[in-house]
Amino acid sequence: MTQLENRVAELRRERDLTQEELADALEVSRQTISSIENGRYNPSLELAFRIAGFFGLAIEEIFIFEEGEGE
Amino acid sequence: MNQKRARDIAGFVLGLVLVLIGIALWEKRAGGVLMGLGAGLMGMCAAQLYLGWVVSKDPKLAKQLRIEEQDERAVYINNFAKAKAFDFLHFLVPPFLLILSLARVPLWIVLLGVSVYVVDWVVYFVFHVKKSREI
């Protein structure tokens, strides 16, 4: 079982941004940001890079890939 | 954007021409069909032209519409729904064709249904192969 977690909500709050403002900056819908933050939707690699670029961090500092044990 | 506007204007004019031909052929069956098609085309293109005009006056709305259209989650949801609809259609069509054939409808209607079904699968395989070669 693998899981992709992310720190988008945490980083957004640190910068005192609303979901709407972040969505506007990344040119995606607010629902997309909400879904990414809640882990319901994994962004494409392109959007992940844009998010990383926006926060000035590396992708792996925002998106954390956790590999579980066995099947 | 200008190309889209030109296409909508051309569509509107074509719709108008169809309506006029429809009026000229009013007495015949084709007249009503042409009027219906023309009016539909005119309405669709007029709506697109009006939307384009409204959007050109409001850059914020233009950005919002662009985001809604290109948003990757929205595109994903739309494609997922279309894929499910395709699966459902292909689950639904064979029994429907069987019912048609059992109901002794004219053979050409059954064959038309079968050909639509086959064409749909051909389109699926064409795009499957094309995309497989691309990526």
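Listed residues B:ALA81, B:ALA62, B:ALA74; which is modelled with pLDDT of 95 or more and open to solvent by less than 60 Å² (accessible area, probe 1.4 Å)? Working first, answer last.
Working: B:ALA62 fails: modelled with pLDDT of 95 or more; B:ALA74 fails: modelled with pLDDT of 95 or more.
Sole residue among the options that is modelled with pLDDT of 95 or more and open to solvent by less than 60 Å² (accessible area, probe 1.4 Å): B:ALA81.
So, in the range B:57-102, of the ones that are of a type in the set (Asp, Glu) and more than 13 Å from chain A (Cβ to nearest Cβ), which residue ends up farthest from A:GLU21 (Cα to Cα)? I'd like the intermediate steps shown before the answer.
Within the range B:57-102, the first condition is being of a type in the set (Asp, Glu), and the residues that meet it are B:58, B:68-69, B:71-72, B:87.
Filter again for more than 13 Å from chain A (Cβ to nearest Cβ), leaving B:58, B:87.
Working: B:ASP58: 19, B:ASP87: 38 Å.
So the residue we want is B:ASP87.
Can you spot a residue in the range B:33-50 that is polar (S, T, N, Q), surrounded by 10 or more Cβ atoms within 10 Å (Cβ to Cβ) and in contact (Cβ under 8 Å) with a residue 12 or more places away in the chain? Before the answer, list the steps.
Taking the range B:33-50 as the starting set, the residues that turn out to be polar (S, T, N, Q) are B:48.
Restricting the remaining residues to those that are surrounded by 10 or more Cβ atoms within 10 Å (Cβ to Cβ) gives B:48.
Adding the requirement that they be in contact (Cβ under 8 Å) with a residue 12 or more places away in the chain leaves B:48.
Yes, the conditions are met somewhere in the range B:33-50.
If only one of A:GLU61, A:GLU67, A:GLU37 is more than 14 Å from chain B (Cβ to nearest Cβ) and either within 11 Å of the chain's Cα centre (by Cα) or open to solvent by less than 90 Å² (accessible area, probe 1.4 Å) (or both), which one is it? Full working, then the answer.
Numbers: A:GLU67 fails: either within 11 Å of the chain's Cα centre (by Cα) or open to solvent by less than 90 Å² (accessible area, probe 1.4 Å) (or both); A:GLU37 fails: more than 14 Å from chain B (Cβ to nearest Cβ).
A:GLU61 is the lone residue from the list that is more than 14 Å from chain B (Cβ to nearest Cβ) and either within 11 Å of the chain's Cα centre (by Cα) or open to solvent by less than 90 Å² (accessible area, probe 1.4 Å) (or both).
Cβ-Cβ distance below 6 Å, separation of 6 or more or different chains: which pairs start in the range B:98-119 with a residue that is over 23 Å from B:PHE86 (Cβ atoms) and end on one that is among the polar types (S, T, N, Q) and at pLDDT below 90?
Cβ pairs passing all conditions: none.
How many residues does the range A:8-31 hold that are touching a residue at least 12 places away in the same chain (Cβ under 8 Å), buried (at least 17 other Cβ atoms within 10 Å of the Cβ) and within 12 Å of another protein chain (Cβ to nearest Cβ)?
Number of matching residues: 2.
The values are calculated or read from the model by the stated rules, or taken from the named source; none is laboratory data. Note that the coordinates shown come from a computational prediction; the quantities given were computed from them, not determined experimentally. Positions of Cβ are backbone-derived with ideal geometry, glycine not excepted, and every protein chain shown enters the neighbour counts. For the accessible areas, the whole protein counts, side chains as well, though only heavy atoms, and no ligand, DNA or RNA atoms are used. Shrake-Rupley method; radii C 1.70, N 1.55, O 1.52, S 1.80 Å.
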